[in-house]
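Take a look at the structure set out below.
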Amino acid sequence: MTGAHTGVSRCGASGLLAVWLVVVTGICAAAPPVDLVDLCSRVRPAFCFIAGGSGVIIRPDGLMLTNDHVLEGRRSFDVRIGDGRSFRARVLGRDAFGDLALLRLELPEGETVPHLPLGDSEALVVGADVLAVGNPFGLGVLDQAPTFTTGIVSAVHHAQGNYFECLVTDAAVNPGNSGGPLVNMAGEVVGINGQISTRYGLRSNTGLGFAISARQIALWLPRLETAGGGEVRHGRLVGLDFGDEDDGLGAAIVRDVAEGSPAAAAGFRAGDEIVRLDGVAAANRQRLAGLLGIYPEATRLAVTVRRDGRETSLDAQLAARQRCLVGLELARPRGRDFVPRVEQVQEGSPAADAGLESGDEIIEIRDRRLEFTSRDERRVFDRWLRTSVFVGDIVPLTVRRADDRGGVAEIELRLVGR
């Protein structure tokens, strides 16, 4: 403030007025004030009341978005839109994991409905003003109108559970807002509100809401529109295992590649450092996981890796997760001994290919020592082994095995899901 005051004070009266006009004119040109009353009136007609939740129409032919959890397994709905009309809507496609659903209103021939276009969520910055539209606590039933709350973008590219690369806002959203739009000041949909931050078990907003980004929505729309009411799954780089440490140079390090996997077919090698995914920097494994999490299965991506000091581009196709049967049965815990002991190995299974044998004690998984102190902890591990190993997963493990001379050895093995 002192420097600015000193600079201005050197001008005469006319010079001071000129500077003031330039500054004010510049501010007005860069950020014209937004009439929130007008914005709300423009946004309202495209809002949808659906199943106690919210939705938004994004095309004049009746294409509408909501959260998958709003559907609760149903395939058709009576939907009331913000201008008061009601229509039947049918599910076109679902992303159950990513919590997104696409529906179409059944419109009379030649009729159109108000809509809001998808905006560019990548253009958002922290501090940008946003508007959340919804039906919190079913209040829209009382006055037949959605509610509007304003706030700012609190964070971008955030990961919240199964919301990858999502937007965070302090605009108040609550149960019933799910599926409703997060709108920028131009009246464009930049996200779909779906999760809230809660405390003490209370199902109400405690200051932060999380929205699926418009960028992710745009990637899914073509698949959801042609899914025939079914589910589209998320893609992943199948066949890669990453080390525990990033290299500190802005990359995620590939520790191992499964033979015969899509990753191997794409040309990945152990030691590759993944630096960019589809042109976006992947600074570490967490950032890479977030970037991958927004793409549907069968997407082809350019992956830039650093290898032997040089960058190479690989053409990788993402595949959906498929659980694999490990082919392993564990013995029941004995007394207070909760060490996982192999009781039986199925012939020709991934467990057999890894070299596991009956009597082996599993003492380490993915560099984590297993030390169970209760049956509940062991039960969680048993369930993980049955349900959380997928095709292409590489699971390094260490077993303790008795030898023919009465000794005991620790042996490192490598289990590959297939």
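When Ala265, Ala283 are checked against the criterion of being outside the structural domain of His158 (by TED's automatic domain parsing), under 20 Å from the mean Cα position of the chain (by Cα) and among the hydrophobic types (A, V, I, L, M, F, W, C), Ala283 stands alone in meeting it. Among residues of the range 130-142 that are in the same structural domain as Gly179 (by TED's automatic domain parsing) and assigned to a loop (DSSP other than H, G, I, E, B), those with a Cβ under 6 angstrom from a residue that is crowded, with 24+ Cβ neighbours inside 10 Å and modelled with pLDDT of 90 or more, sequence gap 6+ or separate chain, pair up as Asn135/Phe49; Asn135/Ser54; Asn135/Pro146. Does the range 381-394 hold any residues that are of a type outside the set (Ser, Thr, Tyr) and in contact (Cβ under 8 Å) with a residue 60 or more places away in the chain, and which are they? Matches in the range 381-394: Arg386, Val389, Phe390, Val391, Gly392, Asp393, Ile394. Taking the criterion of being buried (at least 17 other Cβ atoms within 10 Å of the Cβ), in contact with a His (Cβ under 7 Å, 6 or more places away or on another chain) and either within 21 Å of Leu102 (Cα to Cα) or β-branched (Val, Ile, Thr) (or both), would at least one residue in the range 181-190 satisfy it? No, the range 181-190 contains no residue that is buried (at least 17 other Cβ atoms within 10 Å of the Cβ), in contact with a His (Cβ under 7 Å, 6 or more places away or on another chain) and either within 21 Å of Leu102 (Cα to Cα) or β-branched (Val, Ile, Thr) (or both). The one condition from (1) assigned to a helix (DSSP H, G or I); (2) crowded, with 17+ Cβ neighbours inside 10 Å that Arg379 does not meet is (2).
Scanning the range 29-68 for residues that are of a type in the set (Gly, Ala, Ser) and either assigned to a strand (DSSP E or B) or touching a helix residue (DSSP H, G or I) at 6+ places or on another chain (Cβ under 7 Å) (or both) turns up Ala51, Gly52, Gly53, Ser54, Gly55. Could we say that Gly98 is part of a loop (DSSP other than H, G, I, E, B), in the same structural domain as Asn184 (by TED's automatic domain parsing), modelled with pLDDT of 90 or more and buried (at least 23 other Cβ atoms within 10 Å of the Cβ) here? When the stated conditions are applied, Gly98 passes them. Could you tell me whether any residue of the range 377-387 is of a type in the set (A, V, I, L, M), assigned by TED's automatic domain parsing to the domain that holds Gln346, modelled with pLDDT of 85 or more and over 27 Å from Val257 (Cβ atoms)? Checked against the condition, which is being of a type in the set (A, V, I, L, M), assigned by TED's automatic domain parsing to the domain that holds Gln346, modelled with pLDDT of 85 or more and over 27 Å from Val257 (Cβ atoms), the range 377-387 yields at least one hit. For Arg400, the requirement of being in contact (Cβ under 8 Å) with a residue 40 or more places away in the chain, in contact with a strand residue (DSSP E or B) (Cβ under 9 Å, 6 or more places away or on another chain) and either within 16 Å of Glu357 (Cα to Cα) or in a strand (DSSP E or B) (or both) is met.
Among the residues making up the range 210-232, a single one is part of a loop (DSSP other than H, G, I, E, B) and closer than 23 Å to Leu167 by Cβ: Val232. Between Gly407, Gly359, Gly417, the distinction of being under 25 Å from Arg236 (Cβ atoms) and among the small types (Gly, Ala, Ser) belongs to Gly417 only.
Inspect the range 161-168 for any residue being touching a residue at least 12 places away in the same chain (Cβ under 8 Å) and over 20 Å from Leu65 (Cα atoms) and give the result as yes or no. Looking through the range 161-168, at least one residue is touching a residue at least 12 places away in the same chain (Cβ under 8 Å) and over 20 Å from Leu65 (Cα atoms). Please verify whether the range 124-142 includes one or more residues that are within 25 Å of His234 (Cα to Cα) and in contact with a Ser or Thr (Cβ under 7 Å, 6 or more places away or on another chain). No: the range 124-142 contains no residue that is within 25 Å of His234 (Cα to Cα) and in contact with a Ser or Thr (Cβ under 7 Å, 6 or more places away or on another chain). Here the strands (runs of 3 or more DSSP E) wholly within the range 285-351 that include at least 3 residues being of a type in the set (Val, Ile, Thr) and surrounded by 14 or more Cβ atoms within 10 Å (Cβ to Cβ) are 300-307. Looking across the range 254-274, the residues that are small (Gly, Ala, Ser), in a loop (DSSP other than H, G, I, E, B) and buried (at least 16 other Cβ atoms within 10 Å of the Cβ) come down to Ala258, Ser261, Gly267.
The values are calculated or read from the model by the stated rules, or taken from the named source; none is laboratory data. Note that the structure is predicted; figures quoted are calculated from it, not measured. Glycine gets a Cβ as well: all are built from the backbone with ideal geometry, and neighbour counts include every protein chain shown.
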